[in-house]
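Following: one structure in structure tokens, then a few remarks.
The values are calculated or read from the model by the stated rules, or taken from the named source; none is laboratory data. What you see is a predicted model, and the numbers here were worked out from it, not measured in a lab. As a convention, Cβ positions derive from the backbone with ideal geometry for all residues, glycine included, and neighbour counts pool all protein chains shown.
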């Protein structure tokens, strides 16, 4: 596994305004779909709903290519898993006013953390990780904001290397 700062795709670097002013190297550009791509059939119902919601926005932002369809499907599945787990916890909590279903009886009747809590946490972490790859989190969006236009003066370029 490589160490250091992860490389930034050229399109995102240009959207950020290339603050480091380093040379931008061309990279392969995957095919951009002409129409909104259909969701994969294996998606769960909640994942399908999320696909239909997100594909429109990513297409509008011109951040969706044919190479992005599987990572988007993974994001949508993580969303579906998270939502299902959270709804399951909510239903269980209605019958458990003391621990709100966060603790259940495990093997040999020992109290343990509800495994659905772990599923929900993992799905939420996966969802946020995938979302940040597409620039869908608040922090990721701040990195996409274009830098303000630099004013030119007779000293422009004097200090830049």
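Summary table below
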read-out	value
Residue pairs meeting the criteria (Cβ under 7 Å; at least 6 apart or on separate chains; first without any contact (Cβ under 8 Å) to a residue 12 or more places away in the chain, in the stretch 82-104; second in a loop (DSSP other than H, G, I, E, B) and loosely packed, with under 15 Cβ neighbours inside 10 Å)	93/100
Residue within the stretch 8-19 that is surrounded by fewer than 12 Cβ atoms within 10 Å (Cβ to Cβ), more than 21 Å from residue 126 (Cα to Cα) and over 19 Å from the mean Cα position of the chain (by Cα) present	yes
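For (1) at pLDDT 95 or above; (2) more than 18 Å from the chain's Cα centre (by Cα); (3) surrounded by fewer than 19 Cβ atoms within 10 Å (Cβ to Cβ), each residue gets a yes or a no:
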position: 66; (1), (2), (3): no, no, yes
position: 75; (1), (2), (3): yes, no, no
position: 80; (1), (2), (3): yes, no, no
position: 85; (1), (2), (3): yes, yes, no
position: 90; (1), (2), (3): yes, yes, yes
position: 100; (1), (2), (3): no, yes, yes
position: 107; (1), (2), (3): no, yes, yes
